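These notes concern the structure reproduced below.
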Amino acid sequence: MSSELTEQAGRQLTQKKTGDIQIGGVTLSPIGAKFTKSVKAEDWRQVGEFIKRAESGVQWWIGDWLNYGEGRPGWGDKYAKEVDEFGRDVDTLKQYKSVSSVYDLCDRSHNLSWTHHLVVAYEAYELCERSHNLSWSHHMVTARARARGETQLPKRQPPDAAYRARST
């Protein structure tokens, strides 16, 4: 039995009991893609679209998943176990979590990669840190940001998540 995940262009994307994802005549597993002999061009194209979307979203998904699970009442042991068994470097997971916490869903650009968002968060943190350490006025910060080619200050300051990602 499989459960429906989504439906596009009249084709179903399903998840098998094994966890593999099926789109038409194509099965995606953790170790590769298996194509039946009867795969249609539209199925092949749809698989490519799914892969592109998954590849560009996985860091956000993991970060949002971690942020949601952290601090849930009664989830302490479950959360720690899932993170330990996730199979990614702890620093990488912290980075995903941090960047996801800096940007609300509505502030994330579909036209920029997750790495673009990481760099901007890091640069904003660096500018804030320099401003604090050198006691810059907001006029100085604005001048420095403009000198780097930015014409406006961000609409809000990101939380200290970028700092946590670098220092922990």
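The values are calculated or read from the model by the stated rules, or taken from the named source; none is laboratory data. Computed from a predicted structure; not experimentally measured. FYI the Cβ positions are ideal-geometry reconstructions off the backbone, even for glycines, and counts take in every protein chain you see.
Provide a single number: the residues in the stretch 99-113 that are buried (at least 21 other Cβ atoms within 10 Å of the Cβ) and either farther than 23 Å from R144 by Cβ or in contact with a Ser or Thr (Cβ under 8 Å, 6 or more places away or on another chain) (or both). Going through the stretch 99-113 one residue at a time, the tally reaches 2. Among the residues of the stretch 41-56, the one identified as within 17 Å of L118 (Cβ to Cβ) and without any contact (Cβ under 8 Å) to a residue 24 or more places away in the chain is E55.
All of (1) surrounded by 13 or more Cβ atoms within 10 Å (Cβ to Cβ); (2) part of a loop (DSSP other than H, G, I, E, B); (3) of a type outside the set (G, A, S) hold for W65 with one exception: (2). For the stretch 40-61, filtered to residues that are surrounded by 12 or more Cβ atoms within 10 Å (Cβ to Cβ) and among the aliphatic types (A, V, I, L, M), the residue that is farthest from H110 (Cα to Cα) is V47. Taken over the stretch 68-82, residues that are of a type in the set (D, E) and either modelled with pLDDT of 90 or more or surrounded by 16 or more Cβ atoms within 10 Å (Cβ to Cβ) (or both) amount to 0. Looking at the stretch 9-18, is at least one residue of a type in the set (A, V, I, L, M, F, W, C), surrounded by 13 or more Cβ atoms within 10 Å (Cβ to Cβ), modelled with pLDDT of 85 or more and not in a loop (DSSP other than H, G, I, E, B)? Scanning the stretch 9-18, I find no residue that is of a type in the set (A, V, I, L, M, F, W, C), surrounded by 13 or more Cβ atoms within 10 Å (Cβ to Cβ), modelled with pLDDT of 85 or more and not in a loop (DSSP other than H, G, I, E, B), so the answer is no.
I want to confirm something. Restricting to the stretch 58-85 and keeping residues that are small (G, A, S) and either in contact (Cβ under 8 Å) with a residue 12 or more places away in the chain or touching a strand residue (DSSP E or B) at 6+ places or on another chain (Cβ under 7 Å) (or both), which single residue is farthest from G24 (Cα to Cα)?
G69
Exactly one residue among R88, R130, R45 is basic (K, R), out of contact with any strand residue (DSSP E or B) (no Cβ under 9 Å at 6 or more places or on another chain) and not in a helix (DSSP H, G or I), and that residue is R88.
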